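Novice: Shown below is the structure under consideration.
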Amino acid sequence: DGGITQSPKYLFRKEGQNVTLSCEQNLNHDAMYWYRQDPGQGLRLIYYSQIVNDFQKGDIAEGYSVSREKKESFPLTVTSAQKNPTAFYLCASSRARASGYEQYFGPGTRLTVT
Amino acid sequence: EDQVTQSPEALRLQEGESSSLNCSYTVSGLRGLFWYRQDPGKGPEFLFTLYSAGEEKEKERLKATLTKKESFLHITAPKPEDSATYLCAVQAGYSGGGADGLTFGKGTHLIIQP
């Protein structure tokens, strides 16, 4: 079955540690995205990538980093510089680089930092 | 700045009681308006894409419509399994034609009571 995989589902870290969230897709989609969801707020865009080895900052990129070495993979690192890292993180992909195509989401990773 | 406002924030209906959810938006050059369904603790599930005013799409008990300033998600004779949070998102025009991220509203939490 084609889809988007995020792992792990739950992640716990101590403050000051970097942590990397995994996102893999087998849909052969060109574009991939990372969003953050907090209670009572809409999803907010962190980073996105339209093609391998290229990515752009979204609205809330500070304290995060990404890489896109393979078409199928778009890992997100939450660094110790992110002031409020506890959130639900969602990865998405879209089949084309052009706009207007729907994005499909993975199951999410809930990160808790204490 | 692109903005999406959804109303009401929460809606409780009896099974079979039809209603509509509203999504008002301001965007510079709409490339697409998207509706998603999200169950607790899960990633959003894609429902519809609308591109231009006057467009309508249907799926089972759901029907989405679009005007130049808002979109409606009509729910006809809902069942308890339709209970979820419904998210509206827009994608703005981009001079380079690239697949930018989506701007989301905060969602409408819908409860259908048996």
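Values in this text are rule-based calculations from the coordinates and carry no lab data. Quick caveat, the model's predicted, so the values are computed rather than measured. Cβ: placed from backbone, ideal geometry, glycine included. Neighbour counts: every protein chain shown.
Novice: Aspartates and glutamates within cross-link reach of A:LYS70: Cα-Cα under 17 Å, excluding same-chain residues under 8 positions apart?
Specialist: Partners found: A:GLU24, A:ASP30, A:ASP54.
Novice: Among the trypsin sites (Lys or Arg not before Pro) in segment A:42-114, which ones are in a DSSP loop with at most 14 other Cβ atoms within 10 Å of the Cβ? Mind listing them?
Specialist: A:LYS83
Novice: Let me know the volume per residue of the alpha-carbon convex hull for segment A:63-113, in Å³.
Specialist: Cα-based convex hull of segment A:63-113, divided per residue, equals 101 Å³.
Novice: Can I ask one more? Just rank A:VAL78, A:VAL66, fewest to most, by other beta-carbon atoms within 10 angstrom.
Specialist: A:VAL66, A:VAL78
Novice: In peptide B:30-42, what is the residue-averaged number of other protein chain Cβ atoms found within 10 Å of each Cβ?
Specialist: 3
Novice: Please express the shape of the protein assembly as shown as an equivalent ellipsoid: the semi-axes are the square roots of 5 times the eigenvalues of the C-alpha gyration tensor, given largest first in whole angstrom.
Specialist: 29, 21, 16
Novice: Please give the charge dipole size of chain B, origin at the Cα centre, charges +1 on K and R Cβ atoms and -1 on D and E Cβ atoms. Round to the nearest 20 debye.
Specialist: Its charge dipole is roughly 80 debye.
Novice: Let me ask something else. Give the relative contact order (percent, whole number) for segment A:29-94; include only Cα pairs under 8 Å separated by 6+ residues.
Specialist: Relative contact order, segment A:29-94: 37 percent.
Novice: Just need log10 I(q)/I(0) for chain A at q = 0.11, 0.15, 0.21, 0.22 Å⁻¹, Debye formula, equal scatterers on the alpha-carbon atoms, no solvent, rounded to two decimals.
Specialist: Summing over Cα pairs of chain A leads to -0.31, -0.59, -1.15, -1.26.
Novice: Which whole number gives the average, over all residues in A:44-53, of C-beta atoms from other chains lying within 10 Å of the residue C-beta?
Specialist: For this peptide, the per-residue mean of nearby foreign Cβ atoms is 2.
Novice: So, in nm, how far is label B:PHE72 from label A:LYS83 when the simple model puts each one 7 Å beyond its Cα toward the Cβ?
Specialist: Spacing of the two 7 Å Cα→Cβ label points: 4.2 nm.
Novice: How long is chain B along each principal axis, judged by its Cα atoms, biggest number first, in Å?
Specialist: 49, 31, 21
Novice: Next up: For segment B:41-114, calculate the relative contact order in percent as a whole number, restricting contacts to Cα pairs under 8 Å that are 6 or more residues apart.
Specialist: Reported relative contact order: 23 percent.
Novice: Among the listed pairs A:LYS9/B:LYS69; A:LYS14/B:LYS42; B:LYS59/B:LYS106; B:LYS42/B:LYS63, which have their C-alpha atoms separated by more than 30 angstrom in this model?
Specialist: The pairs that break the limit, which is 30 Å between Cα atoms, are A:LYS9/B:LYS69.
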